[in-house]
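Student: Would you mind keeping the following structure in view while I ask a few things?
Just so it is clear, none of the values below were taken in a lab; they were calculated from the coordinates. All values reported here derive from a predicted model rather than from experimental measurement. Cβ placement follows ideal geometry from the backbone for every residue including glycine, while neighbour counts extend to all protein chains displayed.
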Amino acid sequence: MLWKLVAAVAAIAAGVDAGAMLRFSCSQLVVERLDPLVNPGIMPSPHLHQVVGGNAFNVTMDRTSLDIPSTATCTSCTPTEDFSNYWTATLFFRARNGTFKAVKTKGNPLGYGVASGGQTVYYLGPQGNAKVTAFKPGFRMTVGDPNFRTAAQLKKYPMLTYTCLQTATTRGGETTNFPKDTCKEGIMVNIRFPTCWDGVNLDSPDHQSHTAYPVSGKCPSTHPVTVPQVFYETVWDTAPFNDKSQWPADGSQPFVWSFGDKTGYGIHGDYVFGWKGDSLQRALDSNSQCNSDLFGNNLRCPALKAQSIEQANKCTKKVSVKENLEGWLAELPGGMMVN
Ligand SMILES: *[C@@H]1O[C@H](CO)[C@@H](O)[C@H](O)[C@H]1NC(C)=O
Ligand SMILES: *[C@@H]1O[C@H](CO)[C@@H](O)[C@H](O)[C@H]1NC(C)=O
C-alpha cells in the first residue's frame, strides 16, 4: 500500500483528487473463541480470533435488534465514531517437536508502533470523484474461506495476501501462501474486501453473496453500488520464531492459522459495520482529507473525531471464553487439526 499512500500524499500536495482514503490504527480489543457473524450464539466458536473495534463485540450481534454505536462504550480504533468490529483468525508457531505457541500481533511499524497489537484499517474509495457509498447500519460481510488449501481455490478472492516484512517498509512481493522463509520484522497479513454491493441486503446466508468484485473496473449490474474497500493489515510478530533449528526438518514453514491451515490459503476476515450516524459517509465525502496520517500517532482527519492510539489501547473487552494461550500448547485451541 505504500505506493498508494505516497501517491495520495503527492496528489494532495498537487491539488489532485486521489479518491477517498482513510487509514487508521485499531488496537487489540480481545483474543477469544467467538464469532458472532459465522457462529452466532456459539460459545466457544470453533477457532480463535483476534478482534478490534468497538466493545459491543459479543457472542451474538443481531443485525435487526443491536444498535452497535449506542451499545459500545469505547472503541480500540482511533476514529471515536467507529464502533465497527474487524476480526481475523490468529496465528500459531508450530515447533519441530509439534507443540504450538501463540504469535502476537503488533502495532504497524509504519506509524502505529505504540498500538497494543491489533491491525491497521483502511477504507479506500475509487480514484477521482466517483461516488462511494458508506455501508448501512446492520451491514456485515466476510471474505475468504477457511476451508481453502490451494492457490487455485484462493483465486476466487483476488486480494488476500501475505507480505514478508524484512523491514517496516517492505512492500510488494505479496504471496497468497505463507512466506517460505524468515521475515525479520514479521508477517503482514493483507485482507481486502470486495467493493461492490447489491444495494439491498445487509447480509446473506454465506455472508458474501451480497458483495462482489468489480469486473474490468466496474461494479456488475447485480451489485451496482460502489462501497469503500475495507482493507486490513495485521502485523504478526513472528520474529521470536525465526530460529530455523526449530522449523520443520523438511524445510517447510512453521506457521499455522488457528483453524489448522498450514498453507495460508484459508486466509479470511470478518467485518461488522458499526460507524455512528453518517460519520463514515462524511469522511468518505471529504475525500483526500484523511490520507495524511502516514507516520503520525493521531488520526488527522477534519471530518472525524479522533483519539490517540494510547487512548485506543485502553479499550479492551474481558474474554467471555477463557482459553489457555500461555506457553507451549499440545494442540491448537478447540483441538483444531493441522491440515
Ligand atoms: C453480551 O450479550 C449478553 C447476552 O447475550 C448480554 O447480557 C451482555 O450485556 C452483552 N455484552 C455486551 C458488552 O454488550
Ligand atoms: C518443544 O519445543 C519448544 C521450542 O524449542 C520448547 O521450548 C519446548 O520446551 C518443547 N516442548 C517439549 C514438550 O518438548
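Student: Using the alpha-carbon atoms, what tilt in degrees (0 to 90, nearest 10) does helix 2-13 show relative to the longest principal axis of the chain?
Tutor: Helix 2-13 and the main axis of the chain meet at about 20 degrees.
Student: Right, next: Just want the answer: with Cβ charges of +1 for Lys and Arg and -1 for Asp and Glu, which residue in ILE42, PRO69, TYR265 is farthest toward the dipole's positive end in segment 2-335?
Tutor: Value computed over the given set: TYR265.
Student: Using modelled backbone amide H atoms (1.01 Å from N, in-plane), which distant-in-sequence or interchain residues come within less than 5 Å of VAL225's amide H?
Tutor: TRP197, GLY199
Student: For segment 2-335, what D do you get in µm² per second when you plug the Kirkwood radius from alpha-carbon pairs into Stokes-Einstein at 4 °C and 1.567 mPa s?
Tutor: Working: Rh = 20.1 Å.
My calculation gives 64 µm²/s for D.
Student: Okay, next question. Counting C-alpha atoms alone, how compact is segment 76-143: give Rg to one decimal and Dmax as a whole number, in angstrom.
Tutor: In order Rg, Dmax, the Cα atoms of segment 76-143 give 16.9, 55 Å.
Student: A further question follows. Please turn the phi angles of segment 78-85 into ³J(HN,Hα) values with the Karplus equation 6.51 cos²θ - 1.76 cosθ + 1.60 (θ = phi - 60°), one per residue in order, whole Hz, x for glycine and proline.
Tutor: 6, x, 6, 9, 9, 9, 4, 10
Student: Which one, ASN85, ASN55, VAL114, projects farthest toward the positive side of the charge dipole computed for segment 2-335 from Cβ point charges (K/R +1, D/E -1)?
Tutor: So the residue we want is VAL114.
Student: Something else now. Which shape class applies to segment 171-315: rounded if a/c is under 1.5, otherwise prolate when a/b exceeds b/c and oblate if not, where a ≥ b ≥ c are the square roots of the Cα gyration tensor eigenvalues? Before the final figure, lay out the partial values.
Tutor: Values: a/c = 2.34, a/b = 1.40, b/c = 1.66.
Verdict is oblate for segment 171-315.
Student: Residue by residue through segment 23-38, which ³J(HN,Hα) values in whole Hz follow from phi under the Karplus form 6.51 cos²θ - 1.76 cosθ + 1.60 (θ = phi - 60°), with glycine and proline marked x?
Tutor: Values per residue, Gly and Pro as x: 9, 8, 8, 10, 6, 5, 8, 6, 10, 6, 8, 9, 8, x, 8, 8 Hz.
Student: Picking from THR263, THR234, THR150, which is most flexible by a Gaussian network model of the chain using Cα springs under 10 Å?
Tutor: Of the options given, THR150 has the highest mean-square fluctuation.
Student: Starting from the amide H of CYS77, placed 1.01 Å from N in the peptide plane, find each other amide H under 5 Å away whose residue is 5 or more places distant or on another chain.
Tutor: SER27, GLY53
Student: Out of PRO69, PRO46, PRO205, any idea which swings most in a Gaussian network model of the chain, alpha carbons joined below 10 Å?
Tutor: The residue with the greatest mean-square fluctuation here is PRO205.
Student: Which ³J(HN,Hα) values in Hz, rounded to whole numbers, follow from the phi angles of segment 221-226 under the Karplus curve 6.51 cos²θ - 1.76 cosθ + 1.60, where θ = phi - 60° and Gly and Pro get x?
Tutor: 4, 6, 9, x, 8, 7
Student: Let me ask something else. List the residues whose amide H sits under 5 Å from the amide H of LYS305, counting only those 5 or more places along or on another chain, with H placed 1.01 Å from N in the peptide plane.
Tutor: THR80, GLU81
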